[in-house]
Amino acid sequence: MFLEYSLNLPLVIASVAVSLMASFTGLALTRGVSLLPEIQRKQRIAMASIALGGGIWAMHFVAMLGLKLPILFYYDALTTMISALVAILMVGVALLVVHFRKRTRSSIAIAGTIAGLGISAMHYIGMSGMQLCKAVYTPGGVLLSLVASVTLGIVSFGIAYGKRTHRSIILGTLTFGIAVVSVHFLAMYGTNFLQVEPVRPLTAFIDNSTLALIVTLIAFFICSAFLLAGVTFMPVPADGAWPADGKTAAPAPAAGVSASAPGRQAPASVPYQKDGLIQFVRPSAIAVLRAEGHYSVLYVGPEKLFCPWSISDAEARLAGGNFIRCHRSYLINPDHVTGFERKKDNGVCRFAASPGLGPVPVSRSRIGEVRAALGLS
């Protein structure tokens, strides 16, 4: 006879919070990763895999520890650990697909499928580790959870990796977090439990509620540490601080470079890294430099190139050239601007030759300088 069961609501809420935290950490860690050198890219993907895959497992485990049955039960440590490693491995493979292959709809769909199957595999492997009771699945419940995991995985990756903007990462976080939670509870809807006799004497083990608290705290600690260590979700100046009045401070010149040196010439070339090599491009060919943490991205025609200079360093080095700081995160070359639009309090510049570059914001304090450079005032 199947056992009656219920759920511990606080632990269910905690599992949802873990899922959202892990989803945001994993997706935010991979922002801008494709522009990094290969070794750094692999390191960041490894961190994201642990955060995202480990978070998926933590969500499932916390929710399962919130399961209330009329009998005593616990989980086999080895099986539980295997389920966590499977989640981390399959999410890692999915992230490798989107960051080491050309990003197309098909590659994003493949990555979403792998991640979705990883969610289901982790769930059912983890369930098999229950001791003193046995999970019994209905075919419809298993099929529904598999279809949901793959579908929601594809949708989540499509949103998060279609456009790597702040908005898409937030929406991707919500969809992926909801996907993990939905798959878990859809699978549980098609699951029943039977009591079984122990095959070995019981030994002391941690109470489920205490274990759930420990897992939740560990998950949040790992995600917080990775966020602080690797995420550049919000643009920051290279010196790491904003002035107290909230206005953009004048950038500090690079070591050994004087931004105010009279008659200083702009460098003949700007370095960028591609295929493991340091290469160079003429400053006049660069349309825009965009801040990416402590580095920057060069937009040269349709290409996006990784530059080891910070945006402040680039501004100081290119001070003798034709570049203008139009926003705290952007330097623009007016010669490449193909359109300008004045907004209520600010403006935007457009660059038709760089299709991967959206409208570049012009902050209110820079409007006059940009208009003058474009011959509009």
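The values are calculated or read from the model by the stated rules, or taken from the named source; none is laboratory data. As the structure is a prediction and not an experimental result, all values here were calculated from the model. Every residue, glycine among them, receives a Cβ derived from its backbone with ideal geometry; neighbour counts consider all protein chains shown. Ligands, DNA and RNA are excluded from the accessible area calculation, which covers all protein heavy atoms including side chains. Shrake-Rupley method; radii C 1.70, N 1.55, O 1.52, S 1.80 Å.
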Problem set entry | Accessible surface of region 1-141 [probe 1.4 Å, protein heavy atoms]: carbon and sulfur percent | 70 percent
Exercise. Taking the alpha-carbon centroid of each part, what is the distance from region 297-339 to region 122-146 in angstrom?
Worked result: 54 Å
Seminar exercise, completed: Taking placed amide H atoms and a strict 5 Å upper bound, the residues 5 or more places from residue 193 or on another chain that come that close are 3, 136
Problem set entry | Per residue, the convex hull volume that the Cα atoms of region 80-154 enclose (Å³) | 61 Å³
Problem set entry | Mean Cβ neighbour count within 10 Å, used as a protection proxy, ranking 142-148, 311-317 highest first | 311-317, 142-148
For this session: Compute the Rg to Rh ratio over region 1-101 from the alpha carbon atoms, using the Kirkwood formula for Rh, and round to two decimal places.
Result: 1.11
Problem set entry | For residue 347, residues with placed amide H under 5 Å, excluding near neighbours | 362
Exercise. Hey, what do the phi angles of region 48-61 turn into as Karplus ³J(HN,Hα) couplings, whole Hz, using 6.51/-1.76/1.60 and θ = phi - 60°, x for Gly and Pro?
Worked result: 5, 5, 5, 5, 6, x, x, x, 4, 5, 4, 4, 4, 5
Problem set entry | Phi to ³J(HN,Hα) by Karplus 6.51 cos²θ - 1.76 cosθ + 1.60 over region 301-314, Hz, x for Gly, Pro | x, x, 8, 10, 10, 7, 10, x, 7, 6, 5, 5, 4, 4
For this session: Give the accessible surface of region 300-377 per residue, rounded to a whole number of Å², with probe radius 1.4 Å and ligands, DNA and RNA excluded.
Result: 47 Å²
Exercise. At q = 0.11, 0.18, 0.21 Å⁻¹, what base-10 log of I(q)/I(0) does the Debye formula yield for region 118-192 when every alpha carbon is treated as an equal point scatterer in vacuo?
Worked result: -0.33, -0.70, -0.84
Problem set entry | Karplus (6.51, -1.76, 1.60) ³J(HN,Hα), θ = phi - 60°, over region 333-346, in Hz, Gly and Pro reported as x | 9, x, 5, 9, 6, 10, x, 9, 10, 8, 9, 5, 10, 8
